[in-house]
Amino acid sequence: MTKNDKLEGEKTISRLGRIDDHGKSVWVWFEDDQVYRLEGNPYNGGGRGPHMGTLATVTLLPPVCPTKIICVGRNYVAHAAEHGAEVPAEPLLFLKPPSSVIGPGMNIVLPTLSQRVEHEAELALVIGKRCRNVAPEEAWDYVLGITCGNDVTARDLQYKDGQWTRGKSFDTFCPIGPWVVTGLRSADVADLGVVCRVNGEVRQTGRTSQMVFSPTTLMAYAARVMTLEPGDVFLTGTPAGVGPLTPGDEVEVEIEGIGILRNPVL
């Protein structure tokens with residue numbers, strides 16, 4: 001699932017994202033290590049355009065421009081347990097602001113207000129079309145694709161405040177990327193590996209099959225409350241093993257078959 005291919009049912013898998021083109025954000029199509037301009041945008045079925053270079057010669061931007069980032073807490077039993085918390089009976093939703101989004105290779109900046117900032121590796125869904133009041137069995141029809149996400153968290157502020165907004169919302173606290181893989185079916189993401197490494201050391205490992213609430217259940221639950229817009233991001237929870245980040249670290253989030261999101265820490 002790292003290049004264009006065909007799945008059962010003739011679904012085409014593509015890798016789509018954005019790059020910096022002389023100061024302008026441009027949607028692109030990745031094929032192996034080659035980069036092509038995307039004619040149109042991912043939400044209206046844009047096709048492959050002119051060649052733009054290679055992965056080594058372009059600067060990747062966040063592959064999303066969300067109006068909001070919807071997140072879910074304690075969606076892996078082991079992660080809830082490592083914080084001494086119970087698994088909720090219903091999805092525990094919260095939001096991160098769009099201003100927290102950064103792309104691959106961009107710096108996670110540790111705020112002076114916090115003494116304990118932690119990584120949280122997550123499967124991220126990208127919404128493809130407006131979604132409101134849908135059933136779980138219909139929800140995947142509204143997904144553009146999936147990517148890697150890191151729900152960076154100021155853990156001390158989260159505990160101090162008793163609610164999560166401040167600890168989750170600092171600028172640079174939502175790395176997303178490196179691209180969005182489209183054309184997948186719900187079944188294709190039901191059992192993917194989720195890994196986080198810091199300086200090459202594995203910190204988190206889990207599988208999407210270990211989620212308490214499936215991606216489509218989460219989407220349907222959220223869509224009863226708010227309208228999900230094209231480009232919005234849904235972070236689906238993190239496995240156990242969250243830990244601290246310090247200046248000079250490099251953190252990687254890898255989703256099996258999708259890609260690796262790398263970010264230095266300042």
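Just one of the listed residues (Ile258, Ile176) is in the same structural domain as Val117 (by TED's automatic domain parsing), farther than 19 Å from Glu118 by Cβ and touching a residue at least 12 places away in the same chain (Cβ under 8 Å), namely Ile258.
In this structure, Gly177 qualifies as modelled with pLDDT of 95 or more and not in a helix (DSSP H, G or I). Restricting attention to the stretch 86-118, the residues that are under 17 Å from Gly243 (Cβ atoms) and surrounded by fewer than 19 Cβ atoms within 10 Å (Cβ to Cβ) total 3. Among the residues of the stretch 228-254, those that are at positive phi and more than 11 Å from the chain's Cα centre (by Cα) comprise Gly231, Gly241, Gly248. Return yes or no: is Ala187 over 15 Å from the mean Cα position of the chain (by Cα) and buried (at least 21 other Cβ atoms within 10 Å of the Cβ)? For Ala187, the condition - over 15 Å from the mean Cα position of the chain (by Cα) and buried (at least 21 other Cβ atoms within 10 Å of the Cβ) - is not met. In the stretch 219-238, the condition of being touching a His at 6+ places or on another chain (Cβ under 6 Å), outside the structural domain of Trp27 (by TED's automatic domain parsing) and not acidic (Asp, Glu) is met by at least one residue. Selection of the stretch 198-227 for residues being closer than 17 Å to Ile255 by Cα and among the basic types (Lys, Arg) yields Arg203, Arg207.
Residue-by-condition table, conditions (1) crowded, with 20+ Cβ neighbours inside 10 Å; (2) of a type outside the set (Gly, Ala, Ser); (3) more than 21 Å from Glu138 (Cβ to Cβ):
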| site | (1), (2), (3) |
| --- | --- |
| Trp179 | yes, yes, yes |
| Thr217 | no, yes, no |
| Tyr221 | no, yes, no |
| Thr227 | no, yes, no |
| Pro244 | no, yes, yes |
| Glu256 | no, yes, yes |
| Arg262 | no, yes, yes |
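Can Val212 be described as over 26 Å from Tyr43 (Cβ atoms), at pLDDT 95 or above, of a type in the set (A, V, I, L, M) and in the same structural domain as His119 (by TED's automatic domain parsing)? Answer is yes for this residue. The number of residues in the stretch 35-79 that are crowded, with 19+ Cβ neighbours inside 10 Å, touching a residue at least 24 places away in the same chain (Cβ under 8 Å) and not in a loop (DSSP other than H, G, I, E, B) comes to 10.
Residue pairs, Cβ under 8 Å, 6 or more apart or interchain, first in the stretch 156-168 and in the same structural domain as Leu95 (by TED's automatic domain parsing) and in contact (Cβ under 8 Å) with a residue 12 or more places away in the chain, second among the small types (Gly, Ala, Ser) and in a helix (DSSP H, G or I). List them. Pairs that qualify, where the first residue is in the same structural domain as Leu95 (by TED's automatic domain parsing) and in contact (Cβ under 8 Å) with a residue 12 or more places away in the chain and the partner is among the small types (Gly, Ala, Ser) and in a helix (DSSP H, G or I), are Asp156/Gly167; Leu157/Gly167; Lys168/Ser100.
The selection criterion, being in contact with a Phe, Trp or Tyr (Cβ under 7 Å, 6 or more places away or on another chain), in a loop (DSSP other than H, G, I, E, B) and either within 28 Å of Asp32 (Cα to Cα) or not aliphatic (A, V, I, L, M) (or both), holds for Pro230. In the stretch 123-150, the residue that is surrounded by the most Cβ atoms within 10 Å (Cβ to Cβ) out of those that are part of a loop (DSSP other than H, G, I, E, B) and in contact with a helix residue (DSSP H, G or I) (Cβ under 7 Å, 6 or more places away or on another chain) is Gly128.
The values are calculated or read from the model by the stated rules, or taken from the named source; none is laboratory data. On a predicted model such as this, the values are computed, not experimentally measured, just so you know. Counting neighbours? That spans all protein chains shown, and the Cβs are built from the backbone with ideal geometry, glycine included.
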